[in-house]
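Report on one structure; see the data block that follows.
The values are calculated or read from the model by the stated rules, or taken from the named source; none is laboratory data. Everything numeric in this text was worked out from a predicted model, so none of it was measured. Cβ atoms come from the backbone with ideal geometry, glycine included; neighbour counts cover every protein chain shown.
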Amino acid sequence: MSRIPSFTDAKILVIGDVMLDRFWRGATTRVSPEAPVPIVKIEDVEDRPGGAANVAVNLAALGVKATLSGLAGHDEDARRLRAAVEAKGVRWSVMPCPADTIVKLRVLSRNQQLIRMDFEGSLEDYGDDSFIQYASNLIAEHDVVLLSDYAKGTLARVEALIAHCNALSVPVLVDPKGDKFERYRGATLITPNLSEFEAVVGPCEQDDARISQYARELCEAYDFNAVLVTRSERGMTLQTREGAPLHLSALAREVFDVTGAGDTVISALAAGLASDDSLENSTRLANLAAGLVVGKVGTATVTRDELEGALSGTSLGDSAVEIDSGIVDEADLLTSVNRHRAKGERIVMTNGCFDILHPGHVTYLNDAAKLADVLIVAVNDDASVVRLKGADRPINPLHARMSVLAGLRSVTYVVPFSEDTPARLIQAISPDVLVKGGDYAVSDIAGHEHVLETGGEVVVLDFLPGYSTTSTLERINNER
């Protein structure tokens, strides 16, 4: 694959089981006296689109014009899900029904999942003729239809949806569930994982030839144009009805979370096909996206810029690029922090406006870097600097301030934040050492409670006397 399509003209309809992924995060410092389980002090609650909604969000992250259709309840969870989906640029065309919206609740501590609780009931009674007509009315205005089946009942009559797509000559891709592939007869392509594939065809023992043979037989038996088998650490295999197989090796160097990886694969594949790319190139694109998303935590997405970066930094036969320094967003930073922790490296974090970098800053950051293996510097964005410092600040915009910091040898990562304090970001990262410069008391430092509760240290470092942004600005004004 030599290029990434633009995706901006692609229009894709996602139909399937929509759900809300809810995350509760907090510190764990002791075991319950009632049972041998950890006590988690919940400090953060986050709602993300899950199931078919995550597929649609993955498409929007790539730049696709995505529409989401499915079933959800008349409840607060549905309202939260709709807000989360629309915030990502997805068009909401979900049909209300009497059932409760499906919610999957995960409890995490230090980015490790401790338990998952599912709140759900079957939607099969509501995936009826009325819903089929509702969803089918959307098909003609899209380039590709993607059916995301989580066996919750929305696609109880999936055969009718596939028939509508075929009648309109709109390609239909299916992420299947269960061992009844007959239900998906006539689909353009299905994307089972290896376990789902073997449940239908029998054991394959990760044998390339056997997988491609059985996939071809499925194409012939159920009138598929192609089958894409995702094989975890062994990559994926594409088999068309008549062509030669395409076996692709996995591109991820390290896997931190496979949640939603299948959603990312079929999203990237559909995005490529809707952008008039070939099936082979679209499959390579999906493999590249999979290599990126499994290095992230939770139901994550991949952007077109990330795909461009990975493609420019590696051949498709090599491992996906890791971000090991420089300016990052929060999602990439969390991925990198997990990788460093897996290597046993310590994380030190500090924060500030860093409006005019001076020798005091440099000395302070050098001293902070000596306390651990990785130094993260969180930087206030421009709006938060205005709130903290006044309308005449910052002197330098965010991108300039971060670029200067990223050029320092002592600094590993620079990440922006928009709140008045970095407490939420500190909680997400859980540094081993939290550092602040000046004459602060530990109790006055944002995020100190979380760091101490999770066994970390909070350190106050002295600034180099005679240097500050305020004094620098005063000297400049006095010299005018």
Inset, instruction - Kindly list, by first and then second residue, each pair from a residue in region 102-129 that is assigned by TED's automatic domain parsing to the domain that holds ARG30 to a residue that is among the polar types (S, T, N, Q) and modelled with pLDDT under 95, limited to pairs with Cβ atoms under 7 Å and residues at least 6 apart or on different chains. - result: ARG106/GLN113; SER109/THR28; ARG110/SER430; ARG110/THR454; ASN111/ASN338
Inset, instruction - Could you run through region 244-273 and say how many residues are touching a strand residue (DSSP E or B) at 6+ places or on another chain (Cβ under 9 Å), modelled with pLDDT under 90 and in a helix (DSSP H, G or I)? - result: 3
Legend entry - Residue among ALA66, ALA99, ALA53, ALA35 that alone is at pLDDT below 95 and small (Gly, Ala, Ser): ALA35
Inset, instruction - With the condition kept exactly as written, say whether any residue in region 456-466 is assigned to a loop (DSSP other than H, G, I, E, B), in the same structural domain as ASP373 (by TED's automatic domain parsing) and modelled with pLDDT of 80 or more. - result: yes
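With respect to SER282, is the statement that it is in a helix (DSSP H, G or I), touching a Gly at 6+ places or on another chain (Cβ under 6 Å), modelled with pLDDT of 90 or more and not hydrophobic (A, V, I, L, M, F, W, C) true? Break it down stepwise before answering.
Values: in a helix (DSSP H, G or I): yes; touching a Gly at 6+ places or on another chain (Cβ under 6 Å): yes; modelled with pLDDT of 90 or more: yes; not hydrophobic (A, V, I, L, M, F, W, C): yes.
In short, yes.
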Inset, instruction - Scan region 408-454 residue by residue and report those that are outside any loop (DSSP other than H, G, I, E, B), out of contact with any helix residue (DSSP H, G or I) (no Cβ under 7 Å at 6 or more places or on another chain) and without any contact (Cβ under 8 Å) to a residue 60 or more places away in the chain. - result: ALA423, SER443, ASP444, GLU449, LEU452
Inset, instruction - Could you please let me know if ARG341 is without any contact (Cβ under 8 Å) to a residue 60 or more places away in the chain, more than 30 Å from ALA61 (Cα to Cα) and either in the same structural domain as VAL435 (by TED's automatic domain parsing) or out of contact with any Lys or Arg (no Cβ under 6 Å at 6 or more places or on another chain) (or both)? - result: no
Inset, instruction - Filter region 39-76 for residues that are touching a helix residue (DSSP H, G or I) at 6+ places or on another chain (Cβ under 8 Å) and of a type in the set (Lys, Arg) and give the result. - result: LYS41, ARG48
Legend entry - Unique residue being crowded, with 16+ Cβ neighbours inside 10 Å, farther than 20 Å from THR67 by Cα, in contact (Cβ under 8 Å) with a residue 12 or more places away in the chain and among the acidic types (Asp, Glu) when the list is GLU182, GLU196: GLU196
Inset, instruction - Spot the failing condition for THR472; the list is (1) modelled with pLDDT of 85 or more; (2) surrounded by 15 or more Cβ atoms within 10 Å (Cβ to Cβ); (3) more than 30 Å from THR29 (Cβ to Cβ); (4) more than 34 Å from the chain's Cα centre (by Cα), and only one is missed. - result: (1)
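Here is a check on your reading of the model: is ILE211 buried (at least 24 other Cβ atoms within 10 Å of the Cβ) and farther than 28 Å from THR335 by Cα? Break it down into steps so the answer makes sense when it comes.
Details: buried (at least 24 other Cβ atoms within 10 Å of the Cβ): yes; farther than 28 Å from THR335 by Cα: yes.
For ILE211, the condition - buried (at least 24 other Cβ atoms within 10 Å of the Cβ) and farther than 28 Å from THR335 by Cα - is met.
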Inset, instruction - Only residues that are at pLDDT below 90 and either in contact with a helix residue (DSSP H, G or I) (Cβ under 7 Å, 6 or more places away or on another chain) or assigned to a strand (DSSP E or B) (or both): list them for region 355-381, please. - result: ASP355, ILE356, LEU357, HIS358
